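Worksheet: one structure, shown below.
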Amino acid sequence: MGLKEQIDELKKTLPSGVTLVAVSKTHPEEKIMEAYEAGVRIFGESRPQELKSKYESLPKDIRWHMIGHLQTNKVKYIAPFVELIHSVDSAKLLDAINKEGWKNGRIIDVLLEIHVAEEDSKSGWNYGELLDYITSGNHKVLANIRIRGLMGIATFTEDQEQIRREFTQLNDIFLSLKKNFGKDFDTLSMGMTSDWKIAVECGSNMVRIGSLIFGSR
Ligand SMILES: *Cc1c(COP(=O)(O)O)cnc(C)c1O
């Protein structure tokens, strides 16, 4: 299937209410423009400098999401324009984003990345750590941040039931944290090329799909 056909197919298959983030990391601008012409407006990138340079040369109605691990000293590259940062994995990073939001006169939307996979290599908060942080109330003073929900990555495995367990766990955490954050807490980002169907069945309302659209990296 060509890129446009793949996008049309995805749009047909994704339930309404599930937002598609086309993950364009490492792919050239011409490829992004092909997806843009096919109607995609939300793109996800994982490196701040690459994100910034694509933002500068591509159409201004593109909504850019940061999905990869973010270092505090790189927040400045994306703070002026980023629509959503999916991968916030520490209190320190929340503080840094808040500060850059303030400098840019913006409130920046973020998701908290939760570690649900069995691999240690994947980043994110442990649920216990996150509860401690929320209990501390420190996030409430971050006026230039809005916590919109959670993001997670399942274990890279053929075991569909394990993936389902991890996504279900993430959805449970999402539902139980809603009471702490209120109505703006509405986004659950989970699911990629290999597991987005399971993710949607488990409550995802935002999928991050790269290779299915753009081919392998
Ligand atoms: C690369 C990446 C994706 C997309 O992965 P595909 O398997 O190509 O769909 C999704 N989420 C994150 C966090 C990524 O780094």
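The values are calculated or read from the model by the stated rules, or taken from the named source; none is laboratory data. Computed from a predicted structure; not experimentally measured. As a convention, Cβ positions derive from the backbone with ideal geometry for all residues, glycine included, and neighbour counts pool all protein chains shown. All accessible areas refer to the heavy atoms of the entire protein, side chains included, with ligands and DNA or RNA removed. Shrake-Rupley method; radii C 1.70, N 1.55, O 1.52, S 1.80 Å.
Looking at (1) away from the ligand (no atom under 14 Å from the Cβ); (2) closer than 20 Å to Leu188 by Cα; (3) touching a helix residue (DSSP H, G or I) at 6+ places or on another chain (Cβ under 9 Å), can you tell me which one Lys52 breaks?
Going through the list (1) away from the ligand (no atom under 14 Å from the Cβ); (2) closer than 20 Å to Leu188 by Cα; (3) touching a helix residue (DSSP H, G or I) at 6+ places or on another chain (Cβ under 9 Å), Lys52 breaks only (2).
Restricting attention to region 17-46, which residues are within 20 Å of Met190 (Cα to Cα), more than 13 Å from the ligand (Cβ to nearest atom) and open to solvent by 30 Å² or more (accessible area, probe 1.4 Å)?
Residues satisfying the conditions are Gly17, Thr19, Arg41.
Answer yes or no: is there a residue in region 189-203 that is over 28 Å from Ile7 (Cα atoms) and within 18 Å of the chain's Cα centre (by Cα).
There is no residue in region 189-203 that is over 28 Å from Ile7 (Cα atoms) and within 18 Å of the chain's Cα centre (by Cα).
Checking Leu14 against (1) open to solvent by less than 10 Å² (accessible area, probe 1.4 Å); (2) within 16 Å of the ligand (Cβ to nearest atom); (3) among the aliphatic types (A, V, I, L, M), which single condition isn't satisfied?
Checking Leu14 against (1) open to solvent by less than 10 Å² (accessible area, probe 1.4 Å); (2) within 16 Å of the ligand (Cβ to nearest atom); (3) among the aliphatic types (A, V, I, L, M), the one that fails is (1).
Can you tell me which of (1) within 13 Å of the ligand (Cβ to nearest atom); (2) free of Cβ contacts under 8 Å to residues at least 40 places away in the same chain; (3) under 19 Å from Leu93 (Cβ atoms) is the one Gly137 doesn't meet?
Here Gly137 clears every test but (1).
Yes or no, residue by residue, for (1) touching a residue at least 60 places away in the same chain (Cβ under 8 Å); (2) under 21 Å from Tyr133 (Cβ atoms); (3) of a type outside the set (Ser, Thr, Tyr):
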| position | (1), (2), (3) |
| --- | --- |
| Met1 | no, no, yes |
| Glu5 | no, no, yes |
| Val21 | yes, no, yes |
| Tyr36 | no, no, no |
| Pro48 | no, no, yes |
| Lys54 | no, no, yes |
| Asp61 | no, no, yes |
| Lys76 | no, no, yes |
| Ile85 | no, yes, yes |
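How many residues are loosely packed, with under 15 Cβ neighbours inside 10 Å and assigned to a helix (DSSP H, G or I) if we restrict to region 54-71?
Number satisfying all stated conditions: 2.
With the structure loaded, tell me whether Val207 is within 16 Å of the ligand (Cβ to nearest atom) and touching a helix residue (DSSP H, G or I) at 6+ places or on another chain (Cβ under 8 Å) or whether it fails that test.
Spelling it out, Val207 is indeed within 16 Å of the ligand (Cβ to nearest atom) and touching a helix residue (DSSP H, G or I) at 6+ places or on another chain (Cβ under 8 Å).
Can you go through Met151, Met192 and tell me which one is aliphatic (A, V, I, L, M), in contact (Cβ under 8 Å) with a residue 24 or more places away in the chain and open to solvent by 50 Å² or more (accessible area, probe 1.4 Å)?
One residue alone meets the criteria, Met192.
Output the residues belonging to region 37-53 that are part of a helix (DSSP H, G or I), of a type outside the set (Asp, Glu) and over 10 Å from Lys25 (Cα atoms).
The answer is Pro48, Gln49, Lys52, Ser53.
Looking at region 93-106, which of its residues are within 25 Å of Asn171 (Cα to Cα) and open to solvent by 20 Å² or more (accessible area, probe 1.4 Å)?
Selection gives nothing.
Provide a single number: the residues in region 87-121 that are in a helix (DSSP H, G or I) and either touching a residue at least 40 places away in the same chain (Cβ under 8 Å) or acidic (Asp, Glu) (or both).
Here the count works out to 9.
For region 159-194, how many residues meet the condition of being over 30 Å from Tyr133 (Cα atoms), within 9 Å of the ligand (Cβ to nearest atom) and out of contact with any Ser or Thr (no Cβ under 7 Å at 6 or more places or on another chain)?
Qualifying residue count for the region: 1.
Have a look at Asp109, Asp89 and point out the one that is crowded, with 18+ Cβ neighbours inside 10 Å, charged (D, E, K, R) and within 16 Å of the ligand (Cβ to nearest atom).
Numbers: Asp109 fails: within 16 Å of the ligand (Cβ to nearest atom).
Result: Asp89 is the single residue among Asp109, Asp89 that is crowded, with 18+ Cβ neighbours inside 10 Å, charged (D, E, K, R) and within 16 Å of the ligand (Cβ to nearest atom).
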